[in-house]
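**Q** Before anything else, here's the structure in question.
Each value in this text was obtained by applying a stated rule to the coordinates, not by laboratory testing. A quick note: this is a predicted structure, and the numbers were derived from the prediction, not measured. Positions of Cβ are backbone-derived with ideal geometry, glycine not excepted, and every protein chain shown enters the neighbour counts.
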Amino acid sequence: MRKFWALAILVVYAIVLLILSLVSIGGFETLGSSFDDKINHFGAYFLLTILIFNYINTLNLKKGLFYALIIASVYGIIMEVLQKYLTNARMFDVYDMIANAFGAIIAVLFVIFYRKLKLK
């Protein structure tokens, strides 16, 4: 049952992330910085990586963190490419891809750190 819910939550989140990546989003509260968008990308892909890892963990695969990092990073790249070719509402941005990958990397480091704390 845990596997079902882990996958269901992951799929719903990935679909919501896909939709939000391809439509124009207006009216969001800003933090007042010039890089709010990058913070949003970082957070979105941090959470995506955690959800991917959570699902992979239910499959008992070795190197689950590595797979989660790769899948989330590739998903972020695909979203940026789709923005370039499928919509005029959003723009392709290499810095968004970097923020996505950085969110995934920090999520992996977070899980590693959490596991070490949990073992003590």
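**Q** Ratio of alpha-carbon Rg to the 2.2 N^0.38 Å globular estimate for region 58-120, to two decimals, please. Could the numbers behind the result be given before it?
**A** Working: Rg = 15.0 Å, N = 63, 2.2 N^0.38 = 10.6 Å.
Rg over 2.2 N^0.38 Å, computed on Cα atoms: 1.41.
**Q** Taking only Cα atoms, what is the 0 to 90° angle, nearest 10, from helix 36-58's long axis to the longest principal axis of the chain?
**A** 30 degrees
**Q** With viscosity set to 1.567 mPa s at 4 °C, what whole-number translational diffusion coefficient in µm²/s follows for the chain from Stokes-Einstein and a Kirkwood radius over Cα pairs?
**A** Values: Rh = 15.1 Å.
Once the numbers are plugged in, D ends up at 86 µm²/s.
**Q** Between Met91 and Leu117, what FRET efficiency follows from the Cβ-Cβ distance if R0 is 35 Å, with the result rounded to 0.05?
**A** Working from the Cβ atoms, E equals 0.30.
**Q** Please compare each pair in Lys3/Lys84; Lys62/Lys118; Lys38/Lys84; Lys62/Lys84; Lys3/Lys116; Lys62/Lys116 to a cut-off of 29 Å on the Cα-Cα distance and tell me which ones are over it.
**A** On the way: Lys3/Lys84 34 Å; Lys62/Lys118 19 Å; Lys38/Lys84 17 Å; Lys62/Lys84 35 Å; Lys3/Lys116 24 Å; Lys62/Lys116 17 Å.
Listed pairs above 29 Å: Lys3/Lys84; Lys62/Lys84.
**Q** Helix 64-86: angle to the longest alpha-carbon principal axis of the chain, degrees 0 to 90, nearest 10?
**A** Computed tilt is about 10 degrees.
**Q** Would you mind putting 78-89, 51-62 in packing order, based on average other-beta-carbon counts within 10 Å, highest first? Each step should come with its number before you reach the end.
**A** Details: 78-89: 13.6, 51-62: 16.8.
Packing proxy ranking, top to bottom: 51-62, 78-89.
**Q** Now for a different question. Report Rg(Cα)/(2.2 N^0.38 Å) for region 44-84, keeping two decimals. Please list the in-between numbers first.
**A** Numbers: Rg = 11.0 Å, N = 41, 2.2 N^0.38 = 9.0 Å.
Working it through for region 44-84, the quotient is 1.22.
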